[in-house]
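The values are calculated or read from the model by the stated rules, or taken from the named source; none is laboratory data. The structure presented is a predicted model; accordingly, all values stated were derived computationally and were not measured. Positions of Cβ are backbone-derived with ideal geometry, glycine not excepted, and every protein chain shown enters the neighbour counts. With ligands, DNA and RNA removed, areas are computed over all heavy atoms of the protein, side chains included. Shrake-Rupley method; radii C 1.70, N 1.55, O 1.52, S 1.80 Å.
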Amino acid sequence: MAATAGSFQLGPDAGHVVIKTTRAGLAAKAGHDLTIEVTRWSARVEVPAEDGGGLAAATVQADLDLGSLEVREGTGGALPLTDRDRREIKKQIGSILGTATATFASSRVIPSGSSGGTVEGSVTLNGRTQPARLQLTTPGSGQYRGSAMLAQTGFGIKPYSGFFGALKLKDEVTLEFQLTLPES
């Protein structure tokens, strides 16, 4: 995984961050698997020169404004996801998260060949910190895609449950991102 040395300040103009949820329970067929975009976020990536450790010494810090979540897609379900459904889901998310910010801080970057690697670190949300492992791929020069699985309960969040528990979200959600580093 190659990277240009430098300091990079990133935000929504450099890519996308989404959270993907999946459903469970007896009434899972009635609900939707959701793709929810984080529309306000920032990240700082520091990549030292090779003589300073290079990519293996890189650091990543990110802040995700969870008050900016927007439901972009709902797949499955007995009926298509409507604009009303989107508003209700956003209202429900707001009642759970409010205007919380989730932060990620890397502790180690593990390059793996020329097309990927892993970034280990921690996510803090609701005053709780949990380990996170971002799997990365590099589909092109300066382009990065990644994902991590996070358990809601690790942050004190009870996964959504409706219809008397017959429809619920799985505890694990997937955070995915795609970004392009600006040329330095």
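Just need a number here: residues in segment 93-108 that are outside any helix (DSSP H, G or I) and open to solvent by 30 Å² or more (accessible area, probe 1.4 Å).
So in segment 93-108, the residues outside any helix (DSSP H, G or I) come out as 98-108.
From the residues that got through so far, the ones that are open to solvent by 30 Å² or more (accessible area, probe 1.4 Å) too are 98-99, 101, 103, 105, 107-108.
Of the residues in segment 93-108, 7 are outside any helix (DSSP H, G or I) and open to solvent by 30 Å² or more (accessible area, probe 1.4 Å).
For segment 81-92, the condition of being of a type outside the set (Ser, Thr, Tyr) and either in a loop (DSSP other than H, G, I, E, B) or touching an Asp or Glu at 6+ places or on another chain (Cβ under 6 Å) (or both) holds for at least one residue. Of the residues that sit in segment 48-92 and are touching a residue at least 40 places away in the same chain (Cβ under 8 Å) and at positive phi, which one is most open to solvent (accessible area, probe 1.4 Å)? Filtering segment 48-92 for residues that are touching a residue at least 40 places away in the same chain (Cβ under 8 Å) and at positive phi, the one most open to solvent (accessible area, probe 1.4 Å) comes out as 76. Only residues that are touching a Leu at 6+ places or on another chain (Cβ under 9 Å) and of a type in the set (S, T, N, Q) were counted across segment 9-68, and they come to 4.
Of note, residue 182 does not satisfy the criterion of being open to solvent by 60 Å² or more (accessible area, probe 1.4 Å) and assigned to a strand (DSSP E or B). So for segment 134-148 (the condition being modelled with pLDDT of 95 or more, in contact with a helix residue (DSSP H, G or I) (Cβ under 8 Å, 6 or more places away or on another chain) and surrounded by 14 or more Cβ atoms within 10 Å (Cβ to Cβ)), does at least one residue qualify? No, there is no match, as no residue in segment 134-148 is modelled with pLDDT of 95 or more, in contact with a helix residue (DSSP H, G or I) (Cβ under 8 Å, 6 or more places away or on another chain) and surrounded by 14 or more Cβ atoms within 10 Å (Cβ to Cβ).
Looking at segment 12-47, which of the residues that are part of a loop (DSSP other than H, G, I, E, B) and touching a Lys or Arg at 6+ places or on another chain (Cβ under 9 Å) is surrounded by the most Cβ atoms within 10 Å (Cβ to Cβ)? Step through it out loud before you land on a result.
Of all residues in segment 12-47, those part of a loop (DSSP other than H, G, I, E, B) come to 22, 25-27, 31-32, 39-40.
Within this subset, residues satisfying the condition of being touching a Lys or Arg at 6+ places or on another chain (Cβ under 9 Å) are 22, 25, 27, 31-32.
Values: 22: 16, 25: 18, 27: 16, 31: 25, 32: 22.
Checked segment 12-47; the qualifying residue surrounded by the most Cβ atoms within 10 Å (Cβ to Cβ) is 31.
The number of residues in segment 1-11 being surrounded by fewer than 19 Cβ atoms within 10 Å (Cβ to Cβ) and at pLDDT 95 or above comes to 2.
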